[in-house]
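This structure is in C-alpha cells; I'll ask about it shortly.
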Amino acid sequence: MISVQKLTRIFGEGDDSVVAVNELSFQVAPGEVYGLLGANGAGKTTTLRMIMGLLSPSSGDVEILGQHVSSHPDRIKRQIGLVSASAGLYQWLTPREILEFFAGGYGLTREEATAQVARLAELMDLHRFLDRRSATLSTGQKQRVNLARALVHDPPVVLLDEPTRGLDVVGSQVVFDFVRTLREARKAIVVCTHQLDEAERLCDRFGLLFRGQLIREGTLTELREQTGRQSIVEMFVDLLRAPSKAEVGV
C-alpha cells in the first residue's frame with residue numbers, strides 16, 4: 001500500500017546544507033499502523049510532506065497503491081487523509097459545513113457529501129455539535145472534527161502527525177479509538193509522534209528515526225530483542241547517549 005524508497009531530503013547547498021531525511025525506506029500494509037517515531041527535528045514531518053507530494057525529495061520516491069508520488073502528485077493527494085495537530089477549523093463554520101466543503105473539494109456530489117457527513121457524524125459522535133459554530137467547540141470536539149475531515153473522501157491511506165498533542169486523557173482516547181477504526185477498515189496508517197508511550201498503544205510496527213535516519217525497525221517485541229530494552233523511551237535514551245553509534249546503525 002505504502003512503499004517509501006530511499007527517500008532523501010536536503011535543505012540548502014554546500015556547507016550550509018542540512019540532511020533532514022537520509023535514504024529512508026519502509027513499507028506499510030493495509031490494516032497496519034506504522035509508527036514513525038523520533039524527537040523533534042528527527043525528520044518525521046518532512047517525511048510526511050514528501051509522502052503527500054507537498055515537498056519534492058532530493059532523491060528517492062514514494063509509491064502508493066502502485067503509483068509513484070513524483071509522477072502522480074495530484075492523484076496521490078486524493079488517496080491520503082491527513083490528521084495534524086496544527087490543523088485548525090474555520091471558526092465561523094459548523095462541523096457540518098466544514099465536512100461538506102471538503103467533500104466537495106474532493107469531488108463528491110452533494111448527495112454523496114450528505115451521506116458521508118451522516119456516516120462520519122455517527123462514527124465520530126458529532127451529532128451534539130454538528131451544527132454549532134466551531135469557535136464554540138472544546139479542544140476534544142475540534143479534534144473529532146479534524147479526524148472526520150481526514151476521512152471525508154474515504155482515503156485508503158491515513159497519515160497522523162502528532163494527533164494527540166494538546167489533548168487530555170479523554171481526547172487522546174478518541175484518537176486511539178479512531179486508529180482502531182482505521183485498522184479495522186484496512187487503511188494503511190502512518191503515525192508520526194514523539195509521544196513514545198502513546199505510540200506503543202497505537203502502533204503495530206515502529207521505525208525509530210534519529211537525525212533523519214531509520215536506526216531500527218520492527219514490532220515492539222522485535223525491538224526489545226534487538227536492544228535489550230523494554231520501552232521505546234529507553235531505546236531512544238540509548239540513541240541520545242550514543243549518537244556516534246546511532247549514526248552508523250550500531
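The values are calculated or read from the model by the stated rules, or taken from the named source; none is laboratory data. Remember, it's a predicted structure, so these values are computed and weren't measured experimentally. Cβ: placed from backbone, ideal geometry, glycine included. Neighbour counts: every protein chain shown. Quick note on the areas: whole protein, heavy atoms, side chains included, nothing else; ligands and nucleic acids left out. Shrake-Rupley method; radii C 1.70, N 1.55, O 1.52, S 1.80 Å.
Scan 114, 136 and give me the residue that is among the polar types (S, T, N, Q), out of contact with any strand residue (DSSP E or B) (no Cβ under 9 Å at 6 or more places or on another chain) and surrounded by 14 or more Cβ atoms within 10 Å (Cβ to Cβ).
Numbers: 136 fails: surrounded by 14 or more Cβ atoms within 10 Å (Cβ to Cβ).
Matching residue, one of 114, 136: 114.
Same structure again: How many of the residues making up the stretch 127-151 are modelled with pLDDT of 95 or more and part of a loop (DSSP other than H, G, I, E, B)?
Residues flagged as modelled with pLDDT of 95 or more and part of a loop (DSSP other than H, G, I, E, B) within the stretch 127-151 amount to 4.
Further question: Report, ordered by the first and then the second residue, all pairs with beta carbons closer than 8 Å, sequence separation of six or more or different chains, a first member in the stretch 38-55 that is within 16 Å of residue 19 (Cα to Cα), and a second member that is open to solvent by less than 30 Å² (accessible area, probe 1.4 Å) and charged (D, E, K, R).
Listed by first residue and then by second, the contacts come to 38/44; 44/161; 45/161; 48/161.
Quick check on my filter: what residues within the stretch 64-85 are among the β-branched types (Val, Ile, Thr) and either within 18 Å of residue 20 (Cβ to Cβ) or not in a strand (DSSP E or B) (or both)?
69, 76
Is the stretch 51-63 home to any residue that is open to solvent by 50 Å² or more (accessible area, probe 1.4 Å), on the phi > 0 side of the Ramachandran plot and either assigned to a loop (DSSP other than H, G, I, E, B) or of a type in the set (D, E, K, R) (or both)?
No.
How many of the residues in the stretch 152-184 are touching a Gly at 6+ places or on another chain (Cβ under 8 Å), open to solvent by 10 Å² or more (accessible area, probe 1.4 Å), modelled with pLDDT of 90 or more and in a loop (DSSP other than H, G, I, E, B)?
1
Somewhere in the stretch 163-170, is a residue touching a Pro at 6+ places or on another chain (Cβ under 6 Å) and aliphatic (A, V, I, L, M)?
There is no residue in the stretch 163-170 that is touching a Pro at 6+ places or on another chain (Cβ under 6 Å) and aliphatic (A, V, I, L, M).
So is residue 180 free of Cβ contacts under 8 Å to residues at least 40 places away in the same chain and out of contact with any Ser or Thr (no Cβ under 8 Å at 6 or more places or on another chain) or not?
yes
Next question. Which one of the conditions (1) closer than 30 Å to residue 140 by Cβ; (2) within 18 Å of the chain's Cα centre (by Cα); (3) touching a residue at least 40 places away in the same chain (Cβ under 8 Å) does residue 77 fail to meet, given that it meets all the rest?
So the condition that residue 77 fails would be (3).
Let me ask something else about it. Please find, within the stretch 93-108, the residue that is surrounded by the fewest Cβ atoms within 10 Å (Cβ to Cβ) out of those that are at pLDDT 95 or above and in a loop (DSSP other than H, G, I, E, B).
93
Pull up the stretch 6-50, narrow it to residues that are within 29 Å of residue 186 (Cβ to Cβ) and in a helix (DSSP H, G or I), then point me to the one that is most open to solvent (accessible area, probe 1.4 Å).
49
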